[in-house]
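Asker: Here's a structure for you.
The values are calculated or read from the model by the stated rules, or taken from the named source; none is laboratory data. What you see is a predicted model, and the numbers here were worked out from it, not measured in a lab. With ideal geometry, Cβ positions are generated from the backbone for all residues, glycine too; neighbour counts draw on all protein chains shown.
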């Protein structure tokens, strides 16, 4: 029985394909990883914000806004009670320009997201249930997602 040994060129080509696969998978999944990270950050931040935790998720607020955020969040802690929240929409951007990310284009390269939320709250001294539509503006800093906050709707 004669065995044919694979040629050296075949071996090199096979090795090259095997070594390149992780690079292709890594490049293709950057947007997917960023989207997964965004989902986790949104859950943690909104949980801290709505539960009126001590810092209200301020660790996810951009540094230049953090002090103002914490001062305003103190008023939210004492006056606002959250009942329900829901994500209504997500708009994706790359350096301020809108992107179309959907089922046909799930891998768009984005670094900003505007999340439109609906909150049902009461704001003391009133006991009347209000619905607030609020936009959260998130930016990726090449490491994580950070919020550019706007707490005005909760303070009126």
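Asker: Counting just the residues of segment 118-150 that are touching a helix residue (DSSP H, G or I) at 6+ places or on another chain (Cβ under 6 Å) and farther than 16 Å from residue 42 by Cα, which one comes out surrounded by the most Cβ atoms within 10 Å (Cβ to Cβ)?
Answerer: 123
Asker: Another question, then. State which residue is surrounded by the most Cβ atoms within 10 Å (Cβ to Cβ) when the search covers only segment 46-62 and only residues that are within 19 Å of residue 142 (Cβ to Cβ) and touching a residue at least 12 places away in the same chain (Cβ under 8 Å).
Answerer: The selected residue is 60.
Asker: Answer with yes or no whether residue 120 is assigned to a loop (DSSP other than H, G, I, E, B), under 30 Å from residue 77 (Cα atoms), over 13 Å from the mean Cα position of the chain (by Cα) and at pLDDT 95 or above.
Answerer: Judged against the criteria, residue 120 is not a match.
Asker: Quick check, is residue 153 in contact (Cβ under 8 Å) with a residue 12 or more places away in the chain, farther than 20 Å from residue 44 by Cα and surrounded by 13 or more Cβ atoms within 10 Å (Cβ to Cβ)?
Answerer: It is true that residue 153 is in contact (Cβ under 8 Å) with a residue 12 or more places away in the chain, farther than 20 Å from residue 44 by Cα and surrounded by 13 or more Cβ atoms within 10 Å (Cβ to Cβ).
Asker: Among (1) crowded, with 16+ Cβ neighbours inside 10 Å; (2) assigned to a loop (DSSP other than H, G, I, E, B); (3) without any contact (Cβ under 8 Å) to a residue 40 or more places away in the chain, there is one condition residue 110 misses while meeting the rest; what is its number?
Answerer: With respect to (1) crowded, with 16+ Cβ neighbours inside 10 Å; (2) assigned to a loop (DSSP other than H, G, I, E, B); (3) without any contact (Cβ under 8 Å) to a residue 40 or more places away in the chain, residue 110 is out only on (3).
So that you can scan it fast, the table gives a plain yes or no per residue for (1) in a helix (DSSP H, G or I); (2) at pLDDT 60 or above; (3) more than 29 Å from residue 142 (Cβ to Cβ):
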{"position": "2", "(1), (2), (3)": "no, no, yes"}
{"position": "6", "(1), (2), (3)": "no, no, yes"}
{"position": "12", "(1), (2), (3)": "yes, no, yes"}
{"position": "16", "(1), (2), (3)": "yes, no, yes"}
{"position": "20", "(1), (2), (3)": "yes, no, no"}
{"position": "42", "(1), (2), (3)": "yes, yes, no"}
{"position": "69", "(1), (2), (3)": "yes, yes, no"}
{"position": "78", "(1), (2), (3)": "yes, yes, yes"}
{"position": "81", "(1), (2), (3)": "no, yes, yes"}
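Asker: If the requirement is being within 12 Å of residue 154 (Cβ to Cβ) and touching a strand residue (DSSP E or B) at 6+ places or on another chain (Cβ under 6 Å), which of these qualifies: 61, 121, 41, 113?
Answerer: 121
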